[in-house]
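Participant: Here you go, one structure.
Derivation of every value follows stated rules applied to the coordinates shown; laboratory data play no part. As the structure is a prediction and not an experimental result, all values here were calculated from the model. All Cβ positions, glycine included, derive from the backbone under ideal geometry; neighbour counts span all protein chains shown.
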Amino acid sequence: MMNMNFMRKLPIPQEIKAQFPLSDEVVTLKAKRDAEIADVFTGKSDKFLLIIGPCSADREDSVLDYVNRLAKVQDKVKDKIIIIPRIYTNKPRTTGQGYKGMVHQPDPTKSEDMLEGLISIRKLHTKAVAETGLTCADEMLYPENHRYLSDILSYVAVGARSVEDQQHRLIASGLQIPVGMKNPTSGDYTVMLNSILAAQSSHTFLYRGWECRSTGNPLAHAILRGYTNKSGKSLPNYHYEDLVRLVEMYSAKNLENMAVIVDANHNNSNKQYLEQIRICNEVLHSCRHNADIKKIVKGFMIESYIVDGCQKVEEGTYGKSITDPCLGWEKSEALIYSIADQL
């Protein structure tokens, strides 16, 4: 016996994809973008990645507005930067309470509806690419849900609370796009590097009722997001010494395509969202003073939306985060141009 109510059988990913297919134009665009992004991780391109956007996607209109703004900026910095919009449609919750993302609640003011959620997130990602030409990033919070978006995403992140989970590591090993493995909340680099090793290796495993065989994902890489010590205090890991230590430990593992994305928010900023500007500038300074750091740092992850800060769901301010606080648009745009000027 199980203390769960099985409410309804949801459509499998193949059915949702057939109902909401991608145009030939989007398929071609994604293949081109995927190749350009992969070249950054393999070292063929010296462009810088910015994975930037809201902490969590909450409504289609403001998210698409935001991504359209990013597309205009992308055109101006395309010689130096590849922008990958964050459209994070599922939100990890430390206690399990609160807004869990569009996949749960396509309308955060209404009750959960996961069928409508799966449809809404596919529509949102598809519209974003079709309108802007920018393929996007999402977090792989639920490995079994990844295939609903597997044909449209150009980047996937595995969060700090998921990075030690074997299922996440094995699914990552079967993807053909970059997968960023965050350091765990403890800050242990070894856990993160072991996760990258697992994702870059071949495995046989159970997935969605199938026995699967993966070939390994050479584009799996590190994300530094800060950590929490045993007293619960937030501590950063983006400083010069942290990056040097990562280079040394990464090199010792003999992994493919050594790369790190620095997450400028979360524990690195202690969720003080304005600190993201200073953090990006400090990391770029470190890159200028150490060739090994410059070689390994491939980009930033930045939490940004239309309006500064965050709010409660019931406040209803358009383009303002309902989860973690984000940089507003004006500051974000200025930061992107500043980063481009320093590259």
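Participant: Let me spell it out: the conditions are (1) of a type in the set (Ser, Thr, Tyr); (2) within 17 Å of ILE81 (Cα to Cα); (3) within 18 Å of the chain's Cα centre (by Cα), and SER321 meets all of them except one. Which number is the exception?
Facilitator: The single condition SER321 does not satisfy is (2).
Participant: With the condition kept exactly as written, say whether any residue in the stretch 293-310 is part of a loop (DSSP other than H, G, I, E, B) and either surrounded by fewer than 19 Cβ atoms within 10 Å (Cβ to Cβ) or at positive phi (or both).
Facilitator: no
Table: residues versus (1) crowded, with 21+ Cβ neighbours inside 10 Å; (2) part of a loop (DSSP other than H, G, I, E, B); (3) under 16 Å from the mean Cα position of the chain (by Cα); (4) of a type in the set (A, V, I, L, M, F, W, C).
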| position | (1), (2), (3), (4) |
| --- | --- |
| VAL27 | no, no, no, yes |
| ILE37 | yes, no, yes, yes |
| LEU49 | yes, no, yes, yes |
| ASP65 | no, no, no, no |
| ASN68 | no, no, no, no |
| ASP75 | no, no, no, no |
| LYS110 | no, yes, no, no |
| GLU116 | no, no, no, no |
| LYS127 | no, no, no, no |
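Participant: Tally time: how many residues in the stretch 79-98 are over 17 Å from TYR142 (Cβ atoms), assigned to a loop (DSSP other than H, G, I, E, B) and in contact (Cβ under 8 Å) with a residue 60 or more places away in the chain?
Facilitator: 1
Participant: Here is a follow-up. Tell me which of these ALA252 doesn't satisfy, since it passes every other one: (1) in a helix (DSSP H, G or I); (2) out of contact with any strand residue (DSSP E or B) (no Cβ under 7 Å at 6 or more places or on another chain); (3) surrounded by 15 or more Cβ atoms within 10 Å (Cβ to Cβ); (4) not hydroxyl-bearing (Ser, Thr, Tyr).
Facilitator: (3)
Participant: Could you list, in sequence order, the residues of the stretch 137-188 that are touching a Phe, Trp or Tyr at 6+ places or on another chain (Cβ under 7 Å), in a loop (DSSP other than H, G, I, E, B) and more than 17 Å from HIS125 (Cβ to Cβ)?
Facilitator: Those that are touching a Phe, Trp or Tyr at 6+ places or on another chain (Cβ under 7 Å), in a loop (DSSP other than H, G, I, E, B) and more than 17 Å from HIS125 (Cβ to Cβ): ASN183, THR185, SER186, GLY187.
Participant: Among the residues of the stretch 255-270, which ones are surrounded by fewer than 24 Cβ atoms within 10 Å (Cβ to Cβ), assigned to a loop (DSSP other than H, G, I, E, B) and not acidic (Asp, Glu)?
Facilitator: If the condition is that a residue be surrounded by fewer than 24 Cβ atoms within 10 Å (Cβ to Cβ), assigned to a loop (DSSP other than H, G, I, E, B) and not acidic (Asp, Glu), then LEU255, ASN257, MET258, ASN270 are the ones that fit.
Participant: To continue, here is another question. Do we find a residue being part of a strand (DSSP E or B), closer than 18 Å to ASP188 by Cα and in contact with a Gly (Cβ under 9 Å, 6 or more places away or on another chain) anywhere in the stretch 234-247?
Facilitator: Yes; the residues of the stretch 234-247 include at least one that is part of a strand (DSSP E or B), closer than 18 Å to ASP188 by Cα and in contact with a Gly (Cβ under 9 Å, 6 or more places away or on another chain).
Participant: Sticking with this one: Just to be sure I understand, how many residues within the stretch 20-63 are free of Cβ contacts under 8 Å to residues at least 40 places away in the same chain, among the polar types (S, T, N, Q) and out of contact with any helix residue (DSSP H, G or I) (no Cβ under 6 Å at 6 or more places or on another chain)?
Facilitator: Residues meeting the conditions: 1.
Participant: Contact list please: Cβ distance under 6 Å, first residue in the stretch 66-78 and in contact (Cβ under 8 Å) with a residue 60 or more places away in the chain, second residue aliphatic (A, V, I, L, M), pairs at least six apart or on different chains.
Facilitator: TYR66/ILE306; VAL67/ALA128; LEU70/ILE83; ALA71/LEU134; VAL73/ILE336; GLN74/ILE83; VAL77/ALA340
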